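Enquirer: Here you go, one structure.
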Amino acid sequence: MSFLVILEQRQGAVKKASVDVWHTVQHMVEVLGKTDVYGLVMGDVDKNVIRSRCGGKGRIYMLNDAAFHDYCPECYAGAIVEMAGHTNAENIFFANTAMGKDLAPRIAMRLDAALASDCVIGLDGNGLLKAVTTMYAGTVSAVVENLKKRAVYTVAPRSYSFEGLGENDVEILEGKGECLSKSNSVLKGVIYNKGRKDITESDILVAGGRGVGSSENFALLESLATSLGGVVGASRSAVDEGWRPHSDQIGQTGRSVAPRLYIACGISGAPQHLAGIAGAETVIAINRDREAPIFKVADYGIVGDITEVVPLLERAVCDF
Ligand code: FAD
């Protein structure tokens with residue numbers, strides 16, 4: 001088996017979602033032993049940033065050309081197809097981000113490869129790649145069978161660190177690529193929420209639901225998140241109430257997140273919300289209803305009123 005992971009870059013930073021995919025693949029390689037692993041970064045990223053974020057083994061190619069600074073579907077697709085040929089990669093992985101979802105079908109079509117979207121990947125009992133995709137807000141799972149020589153996957157967010165992967169033996173090679181696109185160019189880049197960390201990029205999320213009660217009460221969550229070095233997210237109800245912007249919404253019609261720690265405050269745990277946090281490593285739920293479904297998926301539960309529990313939690317964090 002050979003793997004190619006597309007590492008996504010924005011403004012010179014490698015996106016957490018694609019770093020998580022790289023490490024998911026690295027954990028498979030640990031089990032498989034001799035397997036060829038390649039990464040591809042397009043755009044201007046500091047080599048040391050890649051080295052500090054991507055552990056394990058393999059070779060990461062960097063295409064530093066200015067043409068790749070902004071996302072351009074045609075030139076990115078051209079470079080990926082070329083890299084797939086160069087590395088002879090049988091399995092090509094994208095994070096299930098907007099860019100990944102846009103590129104993966106283009107690549108699959110050009111390489112005559114199978115396509116599977118929003119998958120959890122791992123190995124089956126025979127050491128073969130297993131991809132499981134979910135439907136209906138995570139209530140139905142399907143194992144994807146690849147009947148082609150090659151396959152392209154978009155991978156659902158899962159929190160993975162490179163702890164336990166041993167020495168960082170990744171080789172980073174710089175190359176040049178060329179944008180061959182004549183029909184696409186970026187007119188204007190817009191950065192939303194400038195200065196605020198994106199909820200999909202944070203390792204710690206403090207999310208609030210209808211139980212928070214008001215937009216003012218979200219200040220309690222902001223304060224806890226700041227003490228923990230995290231950011232605030234929201235359920236759809238909190239967004240519908242106008243307490244938070246839609247970019248903070250987590251779930252089926254919001255965003256999927258994979259933090260190492262997710263603290264759900266006043267969130268009941270509807271399937272549509274849980275669909276967005278399947279990749280979270282540790283879940284803490286605070287809810288005054290001990291029967292709330294969120295407690296079924298939580299690693300730790302606190303039954304209580306968020307206006308009392310959240311400040312206590314923050315004080316404990318600060319005293320730590
Ligand atoms: P509620 O269900 O009203 O729960 C509030 C919780 O807060 C309760 O458990 C209550 O016990 C607790 N509570 C109240 N007061 C306090 C207090 N003072 N202290 C502690 N606890 C308190 N939802 C999403 O979140 N994301 C999505 O992307 C999404 N997409 C959807 C797509 C579709 C097609 C549909 C049909 C629904 C979708 N929903 C989504 C909505 C989802 O079904 C739920 O309605 C929503 O998640 C409920 O949000 P909530 O948990 O904040 O509110």
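Enquirer: Among the GluC sites (Glu not before Pro) in the stretch 214-290, which ones are in a DSSP loop with at most 16 other Cβ atoms within 10 Å of the Cβ? Mind listing them? Walk me through the numbers before you get to the answer.
Expert: Working: sites: 216, 222, 241, 281; in loops: 216, 241, 281.
Here the sparse-neighbourhood loop sites are 216, 241, 281.
Enquirer: The chain: Rg/Rh from Cα coordinates, Kirkwood Rh? It would help to have the intermediate numbers written out before the result.
Expert: Values: Rg = 20.4 Å, Rh = 20.7 Å.
Using only Cα positions, Rg/Rh for the chain is 0.99.
Enquirer: If you don't mind, there's one more thing I want to ask. What accessible area per residue, rounded to a whole number of Å², is obtained for the stretch 69-132 using a probe radius of 1.4 Å?
Expert: With the other protein chains kept in place, the stretch 69-132 gives 43 Å² per residue.
Enquirer: Where the Cα atoms of the stretch 46-100 are projected onto their three principal axes, how long is each span, largest first, in whole Å?
Expert: 29, 27, 23
Enquirer: If you don't mind, there's one more thing I want to ask. Toward the positive end of the charge dipole of the chain, about the Cα centre and with charges on Cβ (Lys, Arg +1; Asp, Glu -1), which of 313, 32, 117 goes farthest?
Expert: Among 313, 32, 117, the one farthest towards the positive end of the dipole of the chain is 117.
Enquirer: Using 7 Å Cα-to-Cβ label points, what is the residue 282/residue 246 separation (nm, one decimal)?
Expert: Each label point is offset 7 Å from its Cα along the Cβ direction, giving 3.5 nm.
Enquirer: Could I ask something else about it? Using a 1.4 Å probe on the protein heavy atoms, what percent of the accessible area of the chain belongs to carbon and sulfur? Don't skip to the end; give the middle numbers.
Expert: Numbers: 7820 of 15730 Å².
For the chain, the apolar C and S fraction of the accessible surface comes to 50 percent.
Enquirer: Next question, about the same structure. Spelling out what I want: for every residue of the stretch 11-21, take phi, set θ = phi - 60°, compute 6.51 cos²θ - 1.76 cosθ + 1.60 (Karplus), and round to whole Hz; glycine and proline get x.
Expert: Per residue, the Karplus-derived 3J(HN,Hα) values read 6, x, 10, 7, 6, 3, 4, 7, 5, 4, 5 Hz.
Enquirer: Here's a follow-up. Tell me the mean residue ellipticity at 222 nm calculated for the chain from its helices only (DSSP H runs of n ≥ 4, each -39500 (n - 2.57), averaged over every residue, nearest 500).
Expert: Working: 9 runs with 91 residues, N = 320.
Mean residue ellipticity, 222 nm, calculated: -8500 deg cm²/dmol.
Enquirer: Shifting gears a bit: Considering only C-alpha atoms, what is the centroid distance from the stretch 100-136 to the stretch 186-224, in Å?
Expert: 30 Å
Enquirer: Still on this structure: Work out from phi, with θ = phi - 60° and the Karplus expression 6.51 cos²θ - 1.76 cosθ + 1.60, the ³J(HN,Hα) of each residue of the stretch 203-215, listed in order in whole Hz, and give x for Gly and Pro.
Expert: My calculation for the stretch 203-215 gives 7, 10, 10, 10, 10, x, x, 4, x, 5, x, 6, 5 Hz in order.
Enquirer: Provide the per residue accessible area, probe 1.4 Å, for the stretch 145-273, rounded to a whole number of square angstrom.
Expert: Numbers: 6910 Å² over 129 residues.
About 54 Å² of surface per residue is accessible.
Enquirer: OK, next. Hey, what do the phi angles of the stretch 233-246 turn into as Karplus ³J(HN,Hα) couplings, whole Hz, using 6.51/-1.76/1.60 and θ = phi - 60°, x for Gly and Pro?
Expert: Along the stretch 233-246, the couplings run x, 8, 7, 5, 4, 5, 6, 4, 6, x, 7, 9, x, 4 Hz.
Enquirer: What's the Kirkwood radius of the stretch 241-320 in Å, using all Cα pairs? Please list the in-between numbers first.
Expert: Working: mean 1/r = 0.0755 Å⁻¹.
Across the stretch 241-320, the inverse of the average 1/r is 13.2 Å.
Enquirer: Would you pull out the residues with amide H under 5 Å of residue 150's amide H, same chain only if 5 or more places away, H placed 1.01 Å from N?
Expert: 114
Enquirer: The stretch 2-57 to the stretch 252-320: how many Å between their Cα centroids?
Expert: 30 Å
Enquirer: Among 258, 13, 280, determine the one that fluctuates most according to a GNM of the chain built with springs between C-alpha atoms less than 10 Å apart.
Expert: In the Gaussian network model the winner is 13.
The values are calculated or read from the model by the stated rules, or taken from the named source; none is laboratory data. Keep in mind the model is a prediction, meaning the values are calculated, not measured. For neighbour counting, all protein chains shown are included, and Cβ atoms are generated from backbone atoms with ideal geometry for every residue, glycine included. Quick note on the areas: whole protein, heavy atoms, side chains included, nothing else; ligands and nucleic acids left out. Shrake-Rupley method; radii C 1.70, N 1.55, O 1.52, S 1.80 Å.
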